[in-house]
Amino acid sequence: MLVDTQSYRWIGVSLSARGEDEMKKMFLILAFLMCLAVAQVFADGAMFVDHSQFLHKHYWNNFDYNRIEPMSVKYHRVKVDINNGVATTFVDEVFLNDYEAEVEGTYIFPLPEEATIKSFAIYADGKKIEGQIMDKEQASRTYQDMVKKMREPTLLEYVGRNMFRVKIFPIPAHGEKRVELVYEQVLKYENGIYTYDYPLDTERFSPKPIQDVSVITNIKSNIPLRSVYSSSHNIGLKLKENEATAAYEENNAKPDKNFILHYTVSQKDVGLNLMTHRGTGKKGYFMLLVSPGEVAKVETAKDIIFVIDTSGSMAGEKIEQVKNALKFCLKNLKGSDRFNIIDFSTNIDSFDTTLITPTQQKVEAALSYVEKIKAAGGTNINDALIKANNMFDDSQRVRMLIFLTDGEPTVGVTDNKLIVENVKNANILKTRLFVFGAGDDVNTHLLDKLSQTNKGVSDYVLKGENIEQKVSDFYRKISQPVLSDITIDFGQIKVDDFYPQQLPDIFNGTQLILVGRYEKSGHTKIILNGKINGKEKEYIYDVNFLEEENSNDFISRIWATRKVGYLLSELRFTGKNKELKEEIISLSKEYGIMTPYTSYLLDAKEDKYKQDNYPHMSIPLSLAGRPKGLDVRSGFLGVESLSASAGSYQDSVYALQKGTTAVNFAQSVKNLQTVTSIDANTSDIKRVGTKTFIRRTDGVWVDSAFKDGIKLKEIKYFSTDYIDLLKKYKEAAKYFALSKSIILELGGEYYFVKE
């Protein structure tokens, strides 16, 4: 695990030579190393330097020789090959020596429980240095000894991981050391889902941001792959029938959470897999992954009309980008498709009078038509969308309308509500309306309402973004519809409060991620219905909603984040609503979600949340400008002393329909509604298991469920009562690992742990 026999001899020599003070310091080294192995988030490979090795450097003045410091990481590159559930992980890291002298480093890596080392190498002048592993019993004894002597709270989460360790010398002054590690493991497989977990938590260890960090995962499976999903990071994904590549890459970053990847396999035409999370006696959370299988090979016939705003405000680079994007879409039409183009300003024009098949001759004619488009005149949105809807017929095809505009209506019907109503009434065939708003002058309320009421989505191309690329990428995604008009029957299990509320169509290469709540547990049959080329299809799956499932706690936060997004959307369209605000604040507190209506500022003097006074709010910088009275604090915009007018300022953000703030706000709300991975914790808020903790201004971490007036039982840190709580509640260790000063609930009672 942590230290081999050779390492024990080295420690023994160090202790006898340097006395009691050095003994404490050596235990501190071990403490830091053991901090890397935690129950849920254990750190990746790290290199530590003991400052005491500089004692003989007399010319170093004002130097703290009692510190044990991690070395900076230059890059951290991980390649993972998964073959039928067996993962081989290749780790390549380079550490930097920022000191004026050569140093000895201690490299450690916490291996997964089931992993075995295949190879390890450090290259120095062509010499390969081998590492060794210590058994669990020795590590456990070492850990117990450290806890007693060091009393470090972060040690409390340790659960006994295989800890790989090796000492490296020399690392030259201002030089670097490259480490390569390869290990193998059989992946966890439950309910049809494989899970791969790579320890990538380095935020507290690398003093500087890492120049580049990446985890590239290649998956091969004899059984067809269906879903590939990361609950921790946004990934780039290439998915084929029996292989996939999932990539996370970032520059100048400090990763602060493990990289977790889930993937499913199935022989069925449509893959469906269920994940649940539920505490004892509580309502459960579920996540449903639905992805196309064999049905993706069927070419689905679709009708598509492009509605393009050619008003005067589109003149210049904007109209040229739109024309290029439209040309790309036309060149990628399939033989079974039908299409048309409507271009509008004050008047409404079209390429043809009806939907046409994309023969080579027709596509060339359409490309010529697009090339001649000029930007001039007003913006007649109402008539353009009504004309487009009237062109569709009732054939058994997937119908799509792609609408791109940069402004708000100025000609014909200009009332937003009336336009939405008129378009809805004209769309009797339930055509999907996909909306692109270009620039800062778009009417976000109108465009979002148009897409929502017509089973589509809206997106925005901000000033300076490339319209051509964004529209082209979107078209690639929707060019191959697989399953439309989806419904899901959960059988005897009652589910509610699920998101997205309207089930979207599934396209080739995409998947549906549905999250919600459930009450009763047990086995049930889920029936999935949908249409392929207009024909009804039914798929039946046997699943189990578990009575208790302590893993997968990320599902609850994804559910809460999506719900907050939908509540914020409702506020945008309905205006001031006290009930919606209160629900947003409640969800924000319970699940640790930053919202425009919530401040995480805690007043140490009052020992309570600023929860009953709505002027105490915060507004993300990306959503709005900074009003007077806001004080930036620890990554949040905490409100110290806003007047009551701050509440009206918040409401005014929702009232904005156009402008940079409105566009940013619309995008932020959409991102919340579609989130698939949880955000990292911040310096002032931590989500641990199912609890959210907020750091008070005096440094005390407070359980968000705590309210003023609740009786607290005070416990001295590391006292007998403290140890008894650790023994009585197995979950206490991960909470106490936050700090030596913490307020939390255990077994229905609230405790205040103090130093």
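The values are calculated or read from the model by the stated rules, or taken from the named source; none is laboratory data. Please read these numbers as outputs of a predicted model, since none were measured by experiment. Positions of Cβ are backbone-derived with ideal geometry, glycine not excepted, and every protein chain shown enters the neighbour counts.
With the structure loaded, tell me whether Ile373 is in contact with a Leu (Cβ under 9 Å, 6 or more places away or on another chain) and part of a loop (DSSP other than H, G, I, E, B) or whether it fails that test.
Details: in contact with a Leu (Cβ under 9 Å, 6 or more places away or on another chain): yes; part of a loop (DSSP other than H, G, I, E, B): yes.
Taking the combined requirement at face value, the residue satisfies it.
Go through (1) assigned to a strand (DSSP E or B); (2) of a type outside the set (Val, Ile, Thr); (3) surrounded by fewer than 23 Cβ atoms within 10 Å (Cβ to Cβ) one by one and return the number of the condition Phe403 breaks.
Every condition holds for Phe403 apart from (3).
Of the conditions (1) outside the structural domain of Leu528 (by TED's automatic domain parsing); (2) crowded, with 22+ Cβ neighbours inside 10 Å; (3) closer than 29 Å to Tyr499 by Cα, Glu190 clears all except one; give me its number.
For Glu190, the failing item is (2).
Whether any residue in region 305-323 is at pLDDT 90 or above, closer than 30 Å to Tyr518 by Cα and either outside the structural domain of Lys372 (by TED's automatic domain parsing) or touching an Asp or Glu at 6+ places or on another chain (Cβ under 7 Å) (or both) is what I want to check.
no
Which one is modelled with the lowest pLDDT among residues in region 709-729 that are in a loop (DSSP other than H, G, I, E, B) and aromatic (Phe, Trp, Tyr)?
Only one residue tops the list, namely Phe718.
Scan region 576-587 residue by residue and report those that are in contact with a helix residue (DSSP H, G or I) (Cβ under 7 Å, 6 or more places away or on another chain) and either crowded, with 19+ Cβ neighbours inside 10 Å or at positive phi (or both).
Ile584, Leu587
Listed residues Ser313, Ser336; which is buried (at least 18 other Cβ atoms within 10 Å of the Cβ), more than 34 Å from the chain's Cα centre (by Cα) and either within 24 Å of Glu408 (Cα to Cα) or touching a residue at least 24 places away in the same chain (Cβ under 8 Å) (or both)?
Ser313
What residue, of Ser618, Ser652, Ser643, Ser634, is crowded, with 16+ Cβ neighbours inside 10 Å, outside the structural domain of Asp256 (by TED's automatic domain parsing) and at pLDDT below 80? Step through it out loud before you land on a result.
On the way: Ser652 fails: crowded, with 16+ Cβ neighbours inside 10 Å; Ser643 fails: crowded, with 16+ Cβ neighbours inside 10 Å; Ser634 fails: crowded, with 16+ Cβ neighbours inside 10 Å.
Of the residues listed, the single one that is crowded, with 16+ Cβ neighbours inside 10 Å, outside the structural domain of Asp256 (by TED's automatic domain parsing) and at pLDDT below 80 is Ser618.
Consider Leu200 carefully, then state whether it is of a type outside the set (Gly, Ala, Ser), in a loop (DSSP other than H, G, I, E, B) and not assigned by TED's automatic domain parsing to the domain that holds Leu288. Let's see the steps before the verdict.
Working: of a type outside the set (Gly, Ala, Ser): yes; in a loop (DSSP other than H, G, I, E, B): yes; not assigned by TED's automatic domain parsing to the domain that holds Leu288: yes.
Yes: the conditions hold for Leu200.
Does Glu745 fit the bill of being under 18 Å from Lys691 (Cβ atoms), outside any loop (DSSP other than H, G, I, E, B) and among the acidic types (Asp, Glu)?
Criteria met by Glu745.
Restricting to region 256-312, name every residue that is of a type in the set (Lys, Arg) and either more than 29 Å from Asp553 (Cα to Cα) or not in a strand (DSSP E or B) (or both).
Correct list: Lys257, Lys268, Lys282, Lys283, Lys297, Lys302.
Output the residues belonging to region 706-725 that are surrounded by fewer than 16 Cβ atoms within 10 Å (Cβ to Cβ) and in contact with a helix residue (DSSP H, G or I) (Cβ under 7 Å, 6 or more places away or on another chain).
Lys716
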